[in-house]
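Inspection log for the structure reproduced underneath, given as structure tokens.
The values are calculated or read from the model by the stated rules, or taken from the named source; none is laboratory data. Computed from a predicted structure; not experimentally measured. For neighbour counting, all protein chains shown are included, and Cβ atoms are generated from backbone atoms with ideal geometry for every residue, glycine included.
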Amino acid sequence: MKKISSTIIGILIILLFNTPIQAAAPTDQLRRSLDGIIEVLREQGLDSEVRREKIRVLFRERFDFRVMSRRVLARNWKEATPEIQDRFVALFTDLLEATYIGRIEEYSDERVDFVKERIKEKRAIIDTLIVTRSVEIPINYKLTLTGDLWLVYDVVIEEVSLVRSFRSSYSTIVKKEGFEGLLAKMENKVEELNSSDGKKKK
């Protein structure tokens, strides 16, 4: 599985509010969510657990983890029972949060430029660049329209899709160990990440 820098993903999740351009509906909605995250990060004297819970709520409001999960499992999604599907969505959500919310707190004013926004019916792609002092990193966000909400279902960093990366890894595990084997590995990873994060706070 190709590794995507967790630092980069942490940055990209929170930075879209920085570019002063006239945006269409998908960008407007995403920006409002990210503005909310920035406000939380700037709150003085906020308990770390309270801060993370506020970020977690905003994170879940803007990402469609069920669509992401369905795309990650691909053909295996239809083979899974509704119970396994629900367990996978819950664990996949927890895994992404455990991996990346801590990185969000490391935000240090990198700039994001919007390059293009493409909308086709109920799908949209927003092309951006994260601009640091030494490098420009292309980031593409894929969104789907659910009701009145544009929700992120994939992030592509330097032409590497988050969904495809997980799909490649997870399909191999399902083939060798079945769904229970995959879910067990995901549970262990979430526990490991949460445990590691707890140690860092001490």
*Among the residues of region 69-86, count how many are touching a helix residue (DSSP H, G or I) at 6+ places or on another chain (Cβ under 6 Å) and in a helix (DSSP H, G or I).*
7
*Contacts under 6 angstrom Cβ, first residue in region 153-176 being over 17 Å from Phe88 (Cβ atoms), partner assigned to a strand (DSSP E or B) and among the β-branched types (Val, Ile, Thr), 6 or more apart*: Ile157/Ile139
_Return the residues of region 146-167 that are under 18 Å from Ser33 (Cα atoms) and either touching a Pro at 6+ places or on another chain (Cβ under 8 Å) or buried (at least 18 other Cβ atoms within 10 Å of the Cβ) (or both); say none if nothing qualifies._
Trp150, Leu151, Val152, Tyr153, Asp154, Val155
_With the requirement that a residue be of a type in the set (Lys, Arg) and either in contact with a Cys (Cβ under 8 Å, 6 or more places away or on another chain) or farther than 22 Å from Arg118 by Cα (or both), what does region 23-59 give you?_
Arg42, Arg51, Arg52, Lys54, Arg56
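Results for (1) touching a strand residue (DSSP E or B) at 6+ places or on another chain (Cβ under 8 Å); (2) among the aromatic types (Phe, Trp, Tyr), shown as yes or no for each residue.
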position	(1), (2)
Ile130	yes, no
Ile137	yes, no
Asn140	yes, no
Val163	yes, no
Phe166	no, yes
Phe179	no, yes
Leu182	no, no
_Need pairs with beta-carbon distance below 9 Å; first residue at pLDDT 90 or above and in a loop (DSSP other than H, G, I, E, B) and within region 110-134, second surrounded by 15 or more Cβ atoms within 10 Å (Cβ to Cβ) and not β-branched (Val, Ile, Thr); sequence gap 6+ or separate chains._
Glu121/Leu145; Lys122/Leu145
*Near pairs, Cβ below 6 angstrom, 6+ apart or cross-chain, from region 44-55 (farther than 10 Å from Ile101 by Cβ) to any residue that is modelled with pLDDT under 85*: Lys54/Val40
